[in-house]
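The structure appears right after this line, and notes come after that.
The values are calculated or read from the model by the stated rules, or taken from the named source; none is laboratory data. Just so you know, these numbers come straight off a predicted model, no measurement behind them. Glycine gets a Cβ as well: all are built from the backbone with ideal geometry, and neighbour counts include every protein chain shown. Ligands, DNA and RNA are stripped out before the accessible areas are found, and what is left, the full protein with its side chains, is counted by its heavy atoms. Shrake-Rupley method; radii C 1.70, N 1.55, O 1.52, S 1.80 Å.
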Amino acid sequence: MIALVGTLGLATAFSQFYRNSVGVIATTLAGELELTAAQLGTLSSSFFLVFALCQIPVGIVIDRYGPRSAMLGSAAFVILGSFVFAFAQGNGSLLAGRLLLGIGCSTFLMAPLVIYSRAFPPATFASLTGLQLSISSLGNIGATVPLALATEAFGWRAAFIAAGLGCLALTLAIFVVVRGPAAGPQAGSPKETLADALRGVARATRAPGFWRLFLIQFSSYSTFGLIIGLWGGPYLAHVHGSDLQTQGQVLLAMAVAQVCGMLFWGLADRIVKAYRPLTLTAAGLSVALLVGLIVVGHRLDTFGAAAIIAALGFSCAYAPVIVAHGKAMFPPALTGRGMTLLNIGTVGGGFATQWLTGLAVKAVAGSALVYPVAAFQLAFGMQAVLLATAALVYAGAPDPRRAIG
C-alpha cells in the first residue's frame with residue numbers, strides 16, 4: 001500500500017508542479033521572452049484549458065481500459081511537453097509545451113482516485129484523498145523555492161529538462177508498482193460501445209446536486225492556483241518589492257500550508273461526517289482572506305501579506321471533502337466519468353480565472369512593466385466574488401451523509 005500511494009501521489013505531484021510552475025518564474029519569463037500580462041495569463045491558463053477538455057475522454061478511458069493504462073499513455077505527453085517548454089524560444093513554443101503538459105497530466109489525479117475508490121473501503125476515501133493530495137502538494141512546493149533556486153543557479157530551462165527526466169522515472173515506477181484488479185478495467189462490467197460511454201457521461205451530469213458541486217469545484221482550487229500559479233510572484237515583486245528568492249519563500253509557505261490543510265480537512269471529514277458544513281466553512285474563510293488581501297494587503301509589510309497568502313493555502317485545501325462529496329453521488333460504473341466531469345470544474349476554473357484576470361490586469365496596467373496595486377485588487381476581487389457566489393449555490397446541494405438535505 002505504501003508503494004502504491006507513494007507512486008500515485010508523486011504522479012499528482014508532477015501535475016501540481018507543472019500547473020503552478022509559471023508563478024515563480026513569471027517575471028523571469030516576461031523579461032527574457034518579452035511577455036505581456038495577458039500573455040502570462042494565457043500561458044498559465046492554457047494548461048488548465050486543455051486539461052479540462054481532456055477530462056471527458058479521460059473518464060471514458062479510465063472506465064473502459066483502466067486507470068493504469070490511462071496514466072501510462074498520458075505520461076509520454078508530460079515528458080514531451082517538459083522538453084518542448086524547456087527549449088521554447090517564444091510565446092508560441094511555450095504555449096505548445098504547456099498544452100502538451102496539460103494533456104499528459106490530465107489522468108494524474110482522477111486515475112489514482114478511481115483506484116482508491118475500487119481498492120479501499122468507502123469510509124477511508126476522503127482520508128486517502130487527503131493523503132494523496134498532501135503528497136501531491138510536494139509539486140506545489142517544488143514550484144516555489146526549489147524552482148526559484150534552480151532558476152537562479154541553472155536557469156528555468158535546465159529545471160524543466162530535469163523535471164522531464166524525473167517524469168520518465170515516474171513512468172517506470174507506475175509500470176512496476178501500479179498493478180492489480182483496481183488498476184485495470186472495472187471488473188464484471190459489460191463492455192460499452194462509445195455511444196454507451198457518452199450516454200454514461202450524460203447520466204453522470206444528472207446526478208442530484210451535480211452542477212452545484214461543479215461550481216464549487218470551479219471556484220475552490222482556482223483560488224489557490226490564481227495566487228501560487230500566476231499572480232502571487234508578480235504581486236510580491238511589484239507591490240512589495242520582493243526578489244525572486246523571497247517570492248519563492250512566500251509561495252513555499254502557501255504550499256506547505258496547503259499540505260496541512262489537506263490533512264486537516266480530510267481528517268475533519270471523518271469527524272464531522274457531513275460534507276456541506278466543512279466546505280462552506282473553508283470557502284467562507286477563503287473569501288474573507290481574499291478580501292483582506294484586497295483591502296489591507298498592500299498596506300502591510302511583506303511578512304503581513306505573506307501571512308494572508310499562507311493562510312489562503314490552508315483555507316483553500318478542502319478538495320478532499322468536495323471530491324468525497326462528488327464520489328458519493330455516482331454509482332461504481334460511472335465513478336470515472338463522474339469524477340472527471342467534476343474535475344473539469346477544477347481545471348476549468350483554473351483556466352477561466354487565470355485567463356480573465358490576465359486580461360483584467362493588462363487592462364489596468366497597460367504596457368507598464370510594474371503592475372499597479374489596483375490591477376491585483378481587481379484580479380483578487382473577481383475571484384472573491386466568484387467563490388462567494390459558488391458557496392451560496394453549493395449550500396443547496398444534497399448531502400448524502402446527513403439525515404436531512
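Return the residue satisfying two criteria in turn: it lies in the range 376-405 and is outside any helix (DSSP H, G or I) and open to solvent by less than 40 Å² (accessible area, probe 1.4 Å), and of such residues it is nearest to residue 39 (Cα to Cα). Talk me through it step by step, then tell me what you get.
First, the residues of the range 376-405 that are outside any helix (DSSP H, G or I): 395-405.
Those still in the list that are open to solvent by less than 40 Å² (accessible area, probe 1.4 Å) too: 397, 399.
Numbers: 397: 37, 399: 41 Å.
Top of the filtered list is 397.
Does any residue in the range 181-204 that is under 17 Å from residue 331 (Cβ atoms) and open to solvent by 40 Å² or more (accessible area, probe 1.4 Å) come within less than 7 Å, Cβ to Cβ, of a residue that is at pLDDT 70 or above and assigned to a loop (DSSP other than H, G, I, E, B) six or more places away or on a different chain, and which pairs are these?
185/66
Could you tell me whether residue 286 is touching a Cys at 6+ places or on another chain (Cβ under 7 Å), over 27 Å from residue 206 (Cα atoms) and polar (S, T, N, Q)? Give the steps one after another, and end with the answer.
Values: touching a Cys at 6+ places or on another chain (Cβ under 7 Å): yes; over 27 Å from residue 206 (Cα atoms): yes; polar (S, T, N, Q): yes.
Criteria met by residue 286.
From 136, 69, grab the single residue that is open to solvent by 10 Å² or more (accessible area, probe 1.4 Å), modelled with pLDDT under 95 and among the hydroxyl-bearing types (Ser, Thr, Tyr). Quick ask: steps written out before the conclusion?
On the way: 136 fails: open to solvent by 10 Å² or more (accessible area, probe 1.4 Å).
Of 136, 69, the one residue that is open to solvent by 10 Å² or more (accessible area, probe 1.4 Å), modelled with pLDDT under 95 and among the hydroxyl-bearing types (Ser, Thr, Tyr) is 69.
Return only the number of the condition from (1) without any contact (Cβ under 8 Å) to a residue 60 or more places away in the chain; (2) not in a helix (DSSP H, G or I) that residue 329 does not satisfy.
(1)
Looking only at the range 213-242, count every residue that is open to solvent by 20 Å² or more (accessible area, probe 1.4 Å) and either among the aliphatic types (A, V, I, L, M) or in a helix (DSSP H, G or I) (or both) and tell me the total. Show your work before the answer.
Of all residues in the range 213-242, those open to solvent by 20 Å² or more (accessible area, probe 1.4 Å) come to 214-215, 218, 221, 237-241.
Adding the requirement that they be either among the aliphatic types (A, V, I, L, M) or in a helix (DSSP H, G or I) (or both) leaves 214-215, 218, 221, 237-240.
Qualifying residue count for the region: 8.
Residue by residue through the range 325-375, note down the ones that are modelled with pLDDT under 90, hydroxyl-bearing (Ser, Thr, Tyr) and open to solvent by less than 10 Å² (accessible area, probe 1.4 Å).
Across the range 325-375, the qualifying residue is only 340.
Does residue 169 satisfy being open to solvent by 10 Å² or more (accessible area, probe 1.4 Å), free of Cβ contacts under 8 Å to residues at least 24 places away in the same chain and of a type in the set (A, V, I, L, M)? Spell out the reasoning first.
Details: open to solvent by 10 Å² or more (accessible area, probe 1.4 Å): yes; free of Cβ contacts under 8 Å to residues at least 24 places away in the same chain: yes; of a type in the set (A, V, I, L, M): yes.
Yes; evaluated as a whole, the condition is true for this residue.
How about the range 72-85: which of its residues are within 15 Å of residue 50 (Cβ to Cβ), open to solvent by less than 10 Å² (accessible area, probe 1.4 Å) and of a type in the set (A, V, I, L, M, F, W, C)?
78, 85
State all residues of the range 311-322 that are open to solvent by less than 20 Å² (accessible area, probe 1.4 Å) and in a helix (DSSP H, G or I); if no residue qualifies, say none.
As a first pass, look at the range 311-322 and keep what is open to solvent by less than 20 Å² (accessible area, probe 1.4 Å): 312-313, 315-318, 320-322.
Across the range 311-322, the qualifying residues are 312, 313, 315, 320, 321, 322.
Scanning the range 243-256 for residues that are open to solvent by 20 Å² or more (accessible area, probe 1.4 Å) and part of a helix (DSSP H, G or I), which turns out farthest from residue 376 (Cα to Cα)? Steps first, please.
Residues of the range 243-256 that are open to solvent by 20 Å² or more (accessible area, probe 1.4 Å), as a first pass: 243-246, 249, 252-253, 256.
After this cut, where a residue has to be part of a helix (DSSP H, G or I) as well, the list is 244-246, 249, 252-253, 256.
Details: 244: 18, 245: 21, 246: 19, 249: 20, 252: 20, 253: 20, 256: 23 Å.
Checking each candidate, the answer is 256.
Residues in the range 42-59 that are open to solvent by less than 10 Å² (accessible area, probe 1.4 Å) and farther than 20 Å from residue 217 by Cβ: how many?
1
Considering only the range 86-122, state which residues are within 22 Å of the chain's Cα centre (by Cα) and open to solvent by 10 Å² or more (accessible area, probe 1.4 Å). Break it down stepwise before answering.
Applying the first criterion (within 22 Å of the chain's Cα centre (by Cα)) to the range 86-122 yields 86, 94-117.
Selection gives 95, 96, 99, 100, 103, 109, 117.
Only residues that are closer than 12 Å to residue 223 by Cβ and at pLDDT below 95: list them for the range 315-324, please.
Hits for the range 315-324 are 316, 317, 318, 319.
Just one of (1) assigned to a loop (DSSP other than H, G, I, E, B); (2) open to solvent by less than 50 Å² (accessible area, probe 1.4 Å) trips up residue 62, so point out which.
(1)
Among the residues of the range 266-310 satisfying the criterion of being outside any helix (DSSP H, G or I) and not β-branched (Val, Ile, Thr), which is least open to solvent (accessible area, probe 1.4 Å)? Spell out how you get there, then give the answer.
First pass over the range 266-310, keeping only residues outside any helix (DSSP H, G or I): 273-274, 296, 300-301.
Those left that are additionally not β-branched (Val, Ile, Thr): 273-274, 300-301.
Numbers: 273: 123, 274: 6, 300: 66, 301: 98 Å².
The residue in question is 274.
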